[in-house]
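Trainee: Take this structure, written in structure tokens, and hold onto it; I'll ask about it next.
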Amino acid sequence: MANDEVILLDFWPSMFGMRLRIALAEKEIKYEYKDEDLRNKSPLLLQMNPIHKKIPVLIHNGKPICESIIGVEYIEEVWKDKAPLLPSDPYERAQARFWADYIDKKLFDSGRKLWTTKGEEQEAAKKDFIECLKVLEGALGEKPYFGGDNFGFVDIALIGFYSWFHSYETYGNISTEAECPKFVAWAKRCMLRDSVAKSLPDQHKVLEFVKTLRHKFGIE
């Protein structure tokens, strides 16, 4: 598909957009990146995602694909000849989708509460966050990646969150490495990949962004 037009509507600190950036990089797909101002959404974003009006949106030859996990699966199906992201076995594929769903339902919410809440609510979020990471460590087991020897779908679904860990640790007053060393070792392994390193923003830049959000929300 040499003449494909691929556009990604995204916002640089979005761990969901990072999934599509990594998947496209793994497949070596050239694309146009458009960083959205979410306070002033572009007509293209509103046109391409009229239901949710959210990023990320993958646009392939003028057709929009919304929701990050759906987008990663689409990339896998369209460009299946290079760097397979999902296992070929149907059961293993189902398991990979289960863990991606778990990450979306559990990790995002508890991570967000680490920097948006205080007191008892934050303490509960800390417990949930570490518990979630320990469950994921159990799923990883002794494998280098969630996909076994190969970097794949669940790794892509999860690694973007790592760019927010400095913020989670700063405001949640936790040490991920002390609590979940296997998880951090996995994250550092992923960061050695060009597709990941070039797709994730610097953790300190994300922290500065979180500081502005806390100030805006009146949390500081």
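Trainee: Would it be correct to say that Lys54 is without any contact (Cβ under 8 Å) to a residue 12 or more places away in the chain and either crowded, with 19+ Cβ neighbours inside 10 Å or farther than 29 Å from Trp186 by Cα (or both)?
Mentor: Taking the combined requirement at face value, the residue does not satisfy it.
Trainee: Determine the pairs where a residue that is buried (at least 20 other Cβ atoms within 10 Å of the Cβ), located within the stretch 198-211, has a partner that is part of a loop (DSSP other than H, G, I, E, B) with Cβ atoms under 8 Å apart, the partner being 6 or more residues away or on another chain.
Mentor: From residues that are buried (at least 20 other Cβ atoms within 10 Å of the Cβ), the pairs are Val206/Pro13.
Trainee: Sticking with this structure for a sec: Considering only residues that are among the aromatic types (Phe, Trp, Tyr) and either part of a loop (DSSP other than H, G, I, E, B) or touching a residue at least 60 places away in the same chain (Cβ under 8 Å) (or both), which ones fall in the stretch 79-124?
Mentor: Within the stretch 79-124, Trp79, Phe108, Trp115 qualify.
Trainee: Restricting attention to the stretch 179-196, which residues are over 11 Å from Tyr162 (Cα atoms) and either in a helix (DSSP H, G or I) or within 14 Å of the chain's Cα centre (by Cα) (or both)?
Mentor: Within the stretch 179-196, Glu179, Pro181, Lys182, Ala185, Arg189, Asp194, Ser195 qualify.
Trainee: What tally of residues in the stretch 79-92 results from selecting those that are loosely packed, with under 15 Cβ neighbours inside 10 Å and under 21 Å from Glu67 (Cα atoms)?
Mentor: 1
Trainee: Given the condition within 25 Å of Asp4 (Cβ to Cβ), out of contact with any strand residue (DSSP E or B) (no Cβ under 8 Å at 6 or more places or on another chain), without any contact (Cβ under 8 Å) to a residue 60 or more places away in the chain and part of a helix (DSSP H, G or I), answer yes or no: does some residue in the stretch 143-157 qualify?
Mentor: Taking every residue of the stretch 143-157 in turn, none turns out to be within 25 Å of Asp4 (Cβ to Cβ), out of contact with any strand residue (DSSP E or B) (no Cβ under 8 Å at 6 or more places or on another chain), without any contact (Cβ under 8 Å) to a residue 60 or more places away in the chain and part of a helix (DSSP H, G or I).
This table checks each residue for (1) touching a strand residue (DSSP E or B) at 6+ places or on another chain (Cβ under 6 Å); (2) in a loop (DSSP other than H, G, I, E, B); (3) open to solvent by less than 70 Å² (accessible area, probe 1.4 Å).
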| site | (1), (2), (3) |
| --- | --- |
| Asn3 | no, yes, no |
| Trp12 | yes, yes, yes |
| Phe16 | no, no, yes |
| Arg39 | no, yes, no |
| Leu44 | no, no, yes |
| Gln47 | no, no, no |
| Ile59 | yes, no, yes |
| Ile65 | yes, no, yes |
| Ile70 | no, no, no |
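The values are calculated or read from the model by the stated rules, or taken from the named source; none is laboratory data. Keep in mind the model is a prediction, meaning the values are calculated, not measured. Here Cβ is always computed from backbone atoms with ideal geometry, including for glycine, and neighbour counts include all displayed protein chains. We work out accessible area using only protein heavy atoms, side chains counted, and drop any ligands, DNA or RNA first. Shrake-Rupley method; radii C 1.70, N 1.55, O 1.52, S 1.80 Å.
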